[in-house]
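**Q** I have a structure here, written as structure tokens, and I will follow up with some questions on it.
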Amino acid sequence: MSASSSQTTTPLDAAAVKADFPLLQREVNGSPIVYLDSGATSQKPRQVLKVIDAYYHEINANVHRGAYHIAELATSAMEQARAKVQRFIAAPSSSEIIFTKNATEAINLVAHSWGRANLSEGDVVLITGLEHHANIVPWHQLAAERGVEVRWIPLTDDGRLDLHDLDSLLEGVRLVALSSASKVLGTLTPVRELADAAHAVGALCLVDASQSVPHLPTNVTEWDCDFVAFTGHKMCGPTGIGVLWGRSELLEAMPPFMGGGEMILDVTMEGFTPNELPWKFEAGTPPIAQIIGLGAAVDYLDSIGMDSVRAHEMALTDYALRTLADRHGDDLLVHGPSAVADRGGVLSMCYRDIHPHDLSQVLDQRGVCVRAGHHCAKPLMRLLGVGATTRASLYVYNDESDIDALSEALTEAGDFFAHQPA
Ligand SMILES: Cc1ncc(COP(=O)(O)O)c(C=O)c1O
């Protein structure tokens, strides 16, 4: 890859980046693959695949246990990955980086541990109309279990948070839990403003950063929030690894989430003493290869520079919005904010009256991979008044040719369905 190795806005060399991703060299249904589903999961560069492969070939051993050479190497590689993640999100300490299975588990960890220790009947958890089910259901579970109220920040017509009534929404709130970027509309949310508003009423703020950490520079210290959850597989890393960052004083006070293995300092017949942070929340053998793979993904994104990633995606989103509007006019509706500065590279579309599942199948005939459905955000679908959308989501390896291919495939799909009997 020939992109800049510093954190500057050096233009990203999309062709060189694309060449790093082996899967993007394949064909689907006789056409070169056009991968536009990175909101679901990103592809993996060979730099990450190589590190995972090397782990299994050269240093596979359980961590924090063996006193032999390869066990020490595996432990050291895993803890180095933790330090890389800490630096990547500007967290004050690596002991605040908790490895989980994914973002869903990270949010559930907070709900189970902090939520059950701190929330009781009548307390309010304030979430937003943009949330993924992973940041809704754990709070519904607390509502069912102990009478916590789940309250919603409404949306404006163009899919931004409607904060004009924020003061009254915040009454009785103990936790504000919001996503920093919507996986359906691309909307970027004002995290710092909401963290400040939460703190002003004595509440905490949890950020589901699954759709922003892969795409924008992240600084949890500047956000001044309390918990941040994200998932490795959307940021060039493997599946099976997620991250919870939390303020150490909160994590210290929280009870362990699961019991066994690494989360233990001592066990007697009468009880147990939990380990110190971060291992207190990492029960059992951790996903070692995945953690090391995530560290390699951080290295990869760092080598491009997150400012360059964001600049690339803004330019491509702008191109996509203009191109699709020019070529498809009123046949195509793209949901979400119109200003590129307010959104990430996620294009949720309704095309003519073609059902998203039908549309995505026809696009697939041209090798174009998009997501059709409710995107694990059913409350948002209801707010939009649709059952499903067709979503194209962009990442570092996409370029204008991918948008052109999408646009041509849409035209073909339109022609195809126009000639089907009603
Ligand atoms: C905003 C958001 N939160 C949470 C998740 C859940 O991620 P995972 O399935 O890796 O836990 C996703 C995945 O699509 C997401 O987009």
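**Q** Kindly list the number of the only condition in (1) closer than 22 Å to Thr104 by Cα; (2) modelled with pLDDT of 95 or more that fails for Gly259.
**A** Unmet condition: (2).
**Q** Sticking with this one: Quick check on region 199-210: of everything there that is within 14 Å of the ligand (Cβ to nearest atom) and in contact with a helix residue (DSSP H, G or I) (Cβ under 7 Å, 6 or more places away or on another chain), which residue is farthest from Ile304 (Cα to Cα)?
**A** Within region 199-210, the match that is farthest from Ile304 (Cα to Cα) is Leu206.
**Q** Looking at Trp114 and the list (1) surrounded by fewer than 20 Cβ atoms within 10 Å (Cβ to Cβ); (2) among the hydrophobic types (A, V, I, L, M, F, W, C); (3) away from the ligand (no atom under 16 Å from the Cβ); (4) on the phi < 0 side of the Ramachandran plot, which single condition is not satisfied?
**A** Of (1) surrounded by fewer than 20 Cβ atoms within 10 Å (Cβ to Cβ); (2) among the hydrophobic types (A, V, I, L, M, F, W, C); (3) away from the ligand (no atom under 16 Å from the Cβ); (4) on the phi < 0 side of the Ramachandran plot, only one is false for Trp114: (1).
**Q** If you go through region 212-226, how many residues are of a type in the set (Val, Ile, Thr) and within 15 Å of the ligand (Cβ to nearest atom)?
**A** So the count comes out to 2.
**Q** Restricting to region 329-385, what's the tally of residues that are of a type in the set (Gly, Ala, Ser) and within 21 Å of Asp157 (Cβ to Cβ)?
**A** 9
**Q** Let me ask something else. For region 227-328, which strands (runs of 3 or more DSSP E) that fit wholly inside it have 3 or more residues that are in the same structural domain as Val207 (by TED's automatic domain parsing) and within 16 Å of the ligand (Cβ to nearest atom)?
**A** Ranges flagged: 227-231, 242-246.
**Q** Working only within region 168-205, note down all residues that are more than 19 Å from the chain's Cα centre (by Cα) and in a loop (DSSP other than H, G, I, E, B).
**A** The answer is Leu170, Glu171, Gly172, Val201, Gly202, Ala203.
**Q** Can you tell me which condition Phe230 does not meet? The list is (1) crowded, with 24+ Cβ neighbours inside 10 Å; (2) of a type outside the set (Lys, Arg); (3) over 23 Å from the mean Cα position of the chain (by Cα), and all the others hold.
**A** Just one mismatch for Phe230, condition (3).
**Q** Right, Leu23: in contact with a Cys (Cβ under 7 Å, 6 or more places away or on another chain) and at pLDDT 95 or above or not?
**A** Details: in contact with a Cys (Cβ under 7 Å, 6 or more places away or on another chain): no; at pLDDT 95 or above: yes.
Judged against the criteria, Leu23 is not a match.
The values are calculated or read from the model by the stated rules, or taken from the named source; none is laboratory data. Because the structure is predicted, anything quoted here is derived from the model rather than measured. Backbone-built Cβ (ideal geometry, glycine too); neighbour counts: all protein chains shown.
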